[in-house]
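Read through the structure below, which is laid out as structure tokens, and then see the notes.
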Amino acid sequence: RQLEFSLRKALEKDELLLNFQPVVDANSEQVVSFEALVRWQSEDHGFVSPGKFIPVAEDTRLIVPIGTWVMQQACLEATAWPRGVKVNVNVSPEQLMEPDFADTVVDALTRSGLDPQRLEIEVTESIFLGDAEIARQALAKVMALGCQVALDDFGTGYSSLGYLRKLKFSTIKVDRSFVQGAAQGSSESLAIVRAVVAMAKSLEMKTTAEGVETEDEASLVRRMGCDRIQGFYFGRPMSSADARSLFSDDF
Ligand code: G
Ligand code: G
Ligand code: MN
Ligand code: NA
């Protein structure tokens, strides 16, 4: 494929960059983290959305070197933010299943000097579809380093309730389909958000409501007890410079 050919060269041609989307505390509305989101400005294809090239990268295993680069850049960038602000990094199943995954995390932390507690890895339930025990062990290793692990897009895939018992996830990210459904009055979505929040609380995990685009959605998920909010209402994915400037101007 054309896209695959170009993607193979994207790293060496320096065509990838990271955007950062704020995650805010639901009550104080202060930024508590940024999610790193990779972007590709291709010489051959122009801007290619991650929805398009991440699946290609996963199929071709190019996600392994790309993911290592993302981890390093994200950790490095986070050292420019206040100490209370974390960075969230998405990790694909293909990356997590690499035998040296934990080593690449150690390497990124060591090179950047970032405190491990400030790194939260995001995985989806799909990691448990393959060799679930290997996935569990890889996550246990990064947790032992002091990193946090979030369960992303929760509720949209294969539901891994058994793994909630075996692994101490720090955060459950409630998929935007439920958040937006609940705000539109879907009683099923409301029930699911309520149940996920209650379950997370009793497991001592935090919840992040994803895809919050309006004030109404923000106040709904706050009232429902979500701990953190992410979405266009509080900030779109932005450049590293714009993310930094959130902490330097005003006052
Ligand atoms: O940024 P956007 O919402 O368009 O991202 C689309 C998808 O690509 C999301 O599912 C997101 O998790 C994924 N994605 C974005 N950046 C990364 C990354 O650095 N690594 C991996 N594995 N997935 C990413
Ligand atoms: O799968 P994951 O949750 O990692 O995907 C993150 C993606 O969600 C990013 O591509 C980001 O651009 C997108 N996103 C973030 N906030 C919103 C939002 O408020 N609305 C919509 N539609 N997409 C969002
Ligand atoms: Mn994510
Ligand atoms: Na998500």
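Annotations
- Selection within the range 197-211: residues that are farther than 11 Å from M224 by Cα and within 16 Å of ligand 4 (Cβ to nearest atom). The member of this set that is surrounded by the most Cβ atoms within 10 Å (Cβ to Cβ) is T208.
- The single condition from (1) buried (at least 20 other Cβ atoms within 10 Å of the Cβ); (2) outside any helix (DSSP H, G or I) that G84 fails is (1).
- When we screen R61, R1 for residues that are at pLDDT 95 or above and either under 22 Å from M238 (Cα atoms) or not hydrophobic (A, V, I, L, M, F, W, C) (or both), the only hit is R61.
- Here the range 55-72 is the region considered, the condition is being buried (at least 19 other Cβ atoms within 10 Å of the Cβ) and within 16 Å of ligand 3 (Cβ to nearest atom), and the residue that is farthest from R111 (Cα to Cα) is A57.
- Comparison of E213, E217 shows that the only residue that is within 12 Å of ligand 2 (Cβ to nearest atom), in contact with a helix residue (DSSP H, G or I) (Cβ under 7 Å, 6 or more places away or on another chain) and either at pLDDT below 95 or of a type in the set (D, E, K, R) (or both) is E217.
- Residue in the range 219-232 that is part of a loop (DSSP other than H, G, I, E, B) and within 30 Å of W40 (Cα to Cα) present: yes
- For L18: the one exception among (1) away from ligand 4 (no atom under 16 Å from the Cβ); (2) of a type outside the set (V, I, T); (3) free of Cβ contacts under 8 Å to residues at least 40 places away in the same chain: (3)
- If you go through the range 28-57 and keep only what is basic (K, R) and in contact with a Phe, Trp or Tyr (Cβ under 8 Å, 6 or more places away or on another chain), you end up with just R39.
- In the range 21-59, the residue that is nearest to T207 (Cα to Cα) out of those that are within 16 Å of ligand 4 (Cβ to nearest atom), part of a strand (DSSP E or B) and small (G, A, S) is S33.
- Qualifying residue in the range 131-149 (condition: within 30 Å of T214 (Cβ to Cβ) and either basic (K, R) or surrounded by 17 or more Cβ atoms within 10 Å (Cβ to Cβ) (or both)): yes
- Qualifying residue in the range 186-207 (condition: out of contact with any strand residue (DSSP E or B) (no Cβ under 6 Å at 6 or more places or on another chain), closer than 25 Å to L18 by Cα and not in a helix (DSSP H, G or I)): no
The values are calculated or read from the model by the stated rules, or taken from the named source; none is laboratory data. For clarity, every value in this text was computed on a predicted model and none was experimentally measured. FYI the Cβ positions are ideal-geometry reconstructions off the backbone, even for glycines, and counts take in every protein chain you see.
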